[in-house]
Every structure is written in C-alpha cells, then in structure tokens.
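Peer 1: This structure is in structure tokens; I'll ask about it shortly.
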Amino acid sequence: MKNTFYSVLCCMIIGIFAFSSCNEVETFAEKKDRERDAISQYISEHNIKVISESQFNKQDSTTDVSKNEYVLFENTGVYMQIVRKGAGDKLRHGKAAELLIRFDEWNIMGDSLQMSNRNMGAAYMPEVVSVYNSYGVFTASFVSGLMAANYGAYVPPGWLVPLTYINIGRQTSSETEIAHVKIIVPADQGHESASSFVCPFHYELYIQRN
C-alpha cells in the first residue's frame, strides 16, 4: 500500500502546482494540455525519435534502438520501442497464456522512478498476468505482483499494445532472450491513478511466458 500512497501523493502534488495564481481548479482540458506538454518535454529531454506507424510497418514492425526510435500509435497516444521481440511465438487468436512481467514505472511529470519489481527488494514479485487474444484484441488481468497489489487486477491498456508485435516464449539459452519493450503511456491508457490525476507514465517491460 505504500507505493499506492506514493503514487497518489505524487500526482496530487503535481496537480497542486498546476493551479493558477488565482487558485482556480484546472479543467480536464487543461490537465490534458499539461499532460501533452509533459510528454513532449520528456521525449525531447530523452532524445527520443518518434516514427509513424507507416514507417514502423515498413521496418517490419521494428524500432531502431541505436536511434532511440519509438513508434507513435495515433489512435491511443501510446509510444513504443521494441528493444527485443523475444524468444518463442506471438500469442495467436483464441489462445490464452500466463505471463511474467518485470517492469520499471517512471512518472513522466516528475521524471522519477516511481515503482519497480526489478530491484532486490521486489525481485521476488514479478507481475503474473493472465492474457487472452481474440482476433487481435487482447484482454488481461493481473493475478499477482506489485501492480496487482497497488492498482488491482485491471491491466492498463497501454501494457497490452506490445503483445501484437512481440513473442512470449522463455529464455532457454543466451541466444533466446525474452521480449523487452519500452512504452510511454498517456493517462487514459494507464492505471486508475494515472487516469484520475491525468499522469502519463513511461514503462520498461520484460515479458515472458510463465
């Protein structure tokens, strides 16, 4: 629960500083403008090169990591970089799987690491995620882990975007590494706290089959 409190507190503090000098409450449109500005600034400060979906498709659904490329999905506002597509195969239509996900969660408003299960203190708590593919539409729920403990079973839609493009096998040798992606997730594609306080997050995800 400590991480949940910290998440809400961070977003509340950001919201307080966003009030006008006359102490007028921000409108939702103003919060969205602030979110867009924060994402744009984050992209600029981290030297991210944004490519279109058409360019992404021309590159065989890959992003050039050496150029720090992220593809922007216009319909959701999610940005994604595929570092590795991973071992194994994609999850096909009509199939279900249980995934293990390790992650870092960065609050873009403060450009700070907010939560991670990749450090020594939480390495024993990978996210266990139940996922199903129906004609390319993925549904999922957290079974256990830090995200489950802090935000409940609901999996942010932004987390599901990479599943169309990556494999979900397991590492069986040094040549078969698991999938590794980075995503910038706007508030409406994030968890409940992100949506409530209009906070975007940057995630680094390591995904494999359980």
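Peer 1: Could you tell me what percent of the accessible area of the chain is made up of carbon and sulfur, with a 1.4 Å probe and every protein chain present?
Peer 2: Roughly 53 percent, rounded to a whole number.
Peer 1: Mind checking the angle between helix 28-45 and the chain's longest principal axis? C-alpha axes, 0 to 90 degrees, to the nearest 10.
Peer 2: With rounding to tens, the tilt is 60 degrees.
Peer 1: Given the DSSP H assignment, sum -39500 (n - 2.57) over each helix run of at least 4 residues in the chain and divide by its residue total; what's the result at 222 nm in deg cm²/dmol, nearest 500?
Peer 2: Theoretical 222 nm ellipticity from helices: -7500 deg cm²/dmol.
Peer 1: Please work out the C-alpha center-to-center distance from segment 83-119 to segment 193-208 and express it in whole Å.
Peer 2: Computed from Cα coordinates, the inter-centre distance equals 10 Å.
Peer 1: Which FRET efficiency value, to the nearest 0.05, do you get for Ala96 and Val25 by plugging their Cβ-Cβ distance into 1/(1 + (r/R0)^6) with R0 = 30 Å?
Peer 2: It comes out at approximately 0.10.
Peer 1: Please work out the average accessible area per residue across the chain, using the 1.4 Å probe convention, and give it in Å².
Peer 2: On a per-residue basis, the chain sits at 51 Å².
Peer 1: For the ranges 28-35, 197-204, what's the packing order if you count other beta-carbon atoms within 10 Å of each residue, average per peptide, and put the highest first?
Peer 2: With the highest mean Cβ count within 10 Å placed first, the list reads 197-204, 28-35.
Peer 1: Which of the pairs Lys49/Lys95; Lys95/Lys182; Lys58/Lys182; Lys32/Lys90; Lys58/Lys95 have their Cα atoms more than 26 Å apart in this structure?
Peer 2: Lys49/Lys95; Lys32/Lys90; Lys58/Lys95
Peer 1: Work the Kirkwood hydrodynamic radius out for the chain: mean of 1/r over every pair of different alpha-carbon atoms, inverted, in Å.
Peer 2: 17.8 Å
Peer 1: Right, here's the next one. Name the long-range amide H neighbours of Tyr70: under 5 Å, sequence gap of 5 or more, or other chain; modelled H, no Pro or chain starts.
Peer 2: Lys49, Val50, Ile51
The values are calculated or read from the model by the stated rules, or taken from the named source; none is laboratory data. None of these values were measured; they are calculated from a predicted model. Here the Cβ is made from the backbone with ideal geometry for all residues, glycine too, and neighbour counts use every protein chain on show. The protein model used for the area step is the full one, side chains on, heavy atoms only, and it has no ligands, DNA or RNA in it. Shrake-Rupley method; radii C 1.70, N 1.55, O 1.52, S 1.80 Å.
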